[in-house]
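The values are calculated or read from the model by the stated rules, or taken from the named source; none is laboratory data. As the structure is a computational prediction, the values presented were derived from the model and not from experiment. Here the Cβ positions follow ideal geometry from the backbone for every residue, glycine too, while neighbour counts run over all protein chains shown.
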Amino acid sequence: MNINDKKEAFIASFFYIRGYSMNRLNIIFITAILYTNLFAYEYINFGKFKDDISIFKQHDIKKLSEKFLGIEYVSNTLSNDKIDTSKENLIINFDALDCFTFIDTIEALKSAKNKEDFRNKLINTRYKNGIVSYHTRNHFFSDWLLKKNILDITCKLGECKKSIKYLNKNEKYLKEIPTIQRTISYIEPKDINITKLHTGDYIGIYTQKDDLDVTHTGIIIKKSNKVYIRHASSLEKKIIDSDFFEYTKNQVGVIVFRSL
């Protein structure tokens, strides 16, 4: 895809999520208005992995994500609480991760061959159509299901339930992102057939709020005949392993995705 194609894809994506139908001529006319994002910058910090190319040779998600244990948890790593919807900066910071940037970093790293390949894979994991913009960012865990290589395996783990969500209703969490009606499948932890869980599955902690899908995310890790959630913990302020059953015992349910 050349730069002009990417620009048009960005415009089309911007209007698609708002329910508009755009033809090529319309896109050309509004190009100048929406190109402000082209002036965004990139912040790329590989932290302790700056000179460590071994992370691009390790495709075992258990061993790969283990390298991140102890890395600092920082909330809102993509915005730092300051949201400029007209300009989305590409942030790659291995020294500070939240629960969502942790999983998209691992998803991109597991098949990356080098730093540039990782950068491109992260963009395609974090953003719709590989276009870096606030409006095309995958803000919700369930947005990952728009990707062809992500499967929702929640209902394959046992008896599941479904609920209809109105994500970001009335722009409660995200300005300029319209309400998204979506059916969410979730399962109570006690009903999960643990043998069907795989190391590397992605887990979201389901919430009963009708305008949100999950409150936290992590990665399933199996070791020593036990199941853990590897996640960027806001309580411990770092990436840790938590016992799956202990962590989820008071949760309404979980959502589980598998990357192909």
Residues (in a strand (DSSP E or B), without any contact (Cβ under 8 Å) to a residue 40 or more places away in the chain and surrounded by 15 or more Cβ atoms within 10 Å (Cβ to Cβ)) located in the range 223-248: Val227, Tyr228, Ile229, Ser242
If a residue counts only when it is modelled with pLDDT of 95 or more and more than 21 Å from Thr217 (Cα to Cα), which helices (runs of 4 or more DSSP H) contained entirely in the range 55-131 have at least 1 such residues? 115-126
If we keep just the residues of the range 170-211 that are closer than 21 Å to Phe140 by Cβ and among the hydrophobic types (A, V, I, L, M, F, W, C), which is farthest from the chain's Cα centre (by Cα)? Ile187
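Yes/no matrix, rows are residues, columns are (1) small (Gly, Ala, Ser); (2) surrounded by fewer than 18 Cβ atoms within 10 Å (Cβ to Cβ); (3) part of a strand (DSSP E or B); (4) modelled with pLDDT of 95 or more:
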| position | (1), (2), (3), (4) |
| --- | --- |
| Leu145 | no, yes, no, yes |
| Leu151 | no, yes, yes, yes |
| Gly158 | yes, yes, no, yes |
| Lys165 | no, no, yes, yes |
| Lys175 | no, yes, no, no |
| Arg182 | no, yes, yes, yes |
| Lys190 | no, yes, no, yes |
Taking the residues in the range 121-138 that are under 21 Å from Gly200 (Cα atoms) and surrounded by fewer than 21 Cβ atoms within 10 Å (Cβ to Cβ) as candidates, determine which candidate is farthest from the chain's Cα centre (by Cα). Lys121
Please work out which one of (1) at pLDDT 50 or above; (2) more than 24 Å from Tyr228 (Cα to Cα); (3) outside any loop (DSSP other than H, G, I, E, B) is the condition Asp51 fails and give its number. (3)
Residue list for the range 63-78, restricted to those being surrounded by 15 or more Cβ atoms within 10 Å (Cβ to Cβ) and among the polar types (S, T, N, Q): Ser65, Thr77
Can you pull out the residues in the range 214-254 that are in contact with a strand residue (DSSP E or B) (Cβ under 8 Å, 6 or more places away or on another chain), over 18 Å from Lys63 (Cα atoms) and of a type in the set (A, V, I, L, M)? Val214, Val252, Val254
Examine the range 26-40 for a residue that is within 30 Å of Lys169 (Cβ to Cβ), modelled with pLDDT of 90 or more and not in a loop (DSSP other than H, G, I, E, B), and state whether such a residue exists. no
Sole exception among (1) surrounded by 15 or more Cβ atoms within 10 Å (Cβ to Cβ); (2) closer than 19 Å to His231 by Cβ for Asp60, by number: (1)
Residue check: is Ser79 within 18 Å of the chain's Cα centre (by Cα) and either over 17 Å from Gly200 (Cβ atoms) or without any contact (Cβ under 8 Å) to a residue 40 or more places away in the chain (or both)? yes
Filter the range 181-208 for residues that are in contact with a Lys or Arg (Cβ under 8 Å, 6 or more places away or on another chain) and within 30 Å of Asp84 (Cβ to Cβ) and give the result. Gln181, Arg182, Ile184, Tyr202
For Thr199, which of the numbered conditions (1) assigned to a loop (DSSP other than H, G, I, E, B); (2) over 27 Å from Ser111 (Cα atoms) fails to hold? (2)
Within the range 5-13, identify whether any single residue is touching a strand residue (DSSP E or B) at 6+ places or on another chain (Cβ under 6 Å), modelled with pLDDT under 95, farther than 30 Å from Val256 by Cβ and among the aromatic types (Phe, Trp, Tyr), and answer yes or no. no
What is the number of the single condition among (1) at negative phi; (2) in contact (Cβ under 8 Å) with a residue 12 or more places away in the chain; (3) not hydroxyl-bearing (Ser, Thr, Tyr) that Asp51 does not meet? (2)
